[in-house]
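To start, the structure under review is shown below, and the notes come after it.
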Amino acid sequence: MGESERGFLKQWACPACGSGRIRPHREGTYAGRLTRDDVKITDSHYGQTWDLSLCLECGHLFADPCPTPDYIFSLYGQVEDPLYEDEAAGRARNFLGILKQLESLVPEKGPLFDVGAATGILLDLARSRGWQPDGIEPSAWAVGVAAAKYGLSLRQGPFESASLPSDYYAAVTMVDIIEHTPIPYEAIKKASRMLRPGGVLALVTPDIHSASARIAGRRWWHLRPAHLAFFSRASLAALLGRAGFTVVRERRYSWTFSLHYLLSRKRASGLLLKNRRLASFLKTIRLKLALGDSFEVYAVKDKRA
Ligand SMILES: [Zn+2]
């Protein structure tokens, strides 16, 4: 990446595969500066993207110019997102599937590190299933919730620059993280260093070529200012391979949300949700969205990595 004093960097190579064969692809629809509300998990600015470039080698789509790591990490440090905890039950259901997959792939349960642990929902569940929970989260608010609600002591700060043990963890989880970081290779390489031999990385990220992405077009819910990159199967494989991983299992990821949460994504339902009794009833209805528009990938650290 090149230098810029305005918090944005021009990309000179593909952030996924490292190739220099990149070209401008689509002009952005997001002209503003990012705020902490733009990057919170429950942000609903769907359909907005940065200027995107395309890698001619692996098909990766990425923000170019891209907000700098310092700029992005300082925003995530300030995030407060009470809506996220409203959906704790649904999110735990999503994470249960991931833990079951990991348990069928690792030789033995042990320390599990969650990158971007948010309020600790995944780690709380992992602990109840016999894993030793560890994780990092940039938001001071989220780290506070994890301590108060689940008794978890998360590390606070950006993962990419944190000092963490090598060859130690049985599993590393990165659920909807890699599309948020300006430096995905550094993040994946770090996960590879942290894992013990035979350790497994579980990674979830939106699939830009999925059917729902094509049907929704520019209104696809994963097109939002906080997403700095859009992976395809090829670009994800290139990134993981370059960082010393072999993909051993791939699934489609489905989300569980309450009907209340889904309606709250649409501005027109605002009035409906002002009715308190109706709103709390809608929170009890859980829907599994079989959109299958994200990759759920499990990768083993290569012996030579
Ligand atoms: Zn590439």
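The values are calculated or read from the model by the stated rules, or taken from the named source; none is laboratory data. It should be emphasised that the depicted structure is a prediction, and the values quoted were computed from it without experimental measurement. Please note: Cβ atoms are built from the backbone with ideal geometry, for glycine as well, and neighbour counts cover all protein chains shown. Note: areas computed on protein heavy atoms with side chains; ligands, DNA, RNA excluded. Shrake-Rupley method; radii C 1.70, N 1.55, O 1.52, S 1.80 Å.
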Report summary line: Taking 0.36 nm per residue of separation between H209 and L34 and subtracting their Cα-Cα distance, the length gained on full extension comes to 60.4 nm
Requested in this report: Provide the per-residue ³J(HN,Hα) series for region 296-302, in order, calculated from phi with Karplus coefficients 6.51, -1.76, 1.60 and θ = phi - 60°, each as a whole number of Hz, with x at glycine and proline positions.
Outcome: 10, 10, 10, 9, 9, 5, 5
Report summary line: Between R127 and R233, the two model label points (7 Å from Cα along the beta-carbon direction) sit apart by a distance in nm of 3.9
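Multiply the residue separation of A92 and L56 by 0.36 nm, subtract the distance between their alpha-carbon atoms, and state the gained length in nm to one decimal.
Full-extension gain reported as 9.2 nm.
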**Report entry** Links that overshoot a 32 Å alpha carbon limit, given the list K40/K100; K10/K190; K40/K301; K10/K109; K149/K303; K10/K303
**Finding:** K10/K109; K149/K303; K10/K303
**Report entry** Accessible area expressed per residue, region 49-109, with surrounding protein chains retained (probe 1.4 Å, Å²)
**Finding:** 37
Query raised in the report: How much of the accessible area of region 163-241, probe 1.4 Å, is carbon plus sulfur, in whole percent?
Result: 57
Query raised in the report: For E103 and Y71 in the same chain, what is the full-extension length gain: residue separation times 0.36 nm, less their Cα-Cα distance, in nm?
Result: 7.9 nm
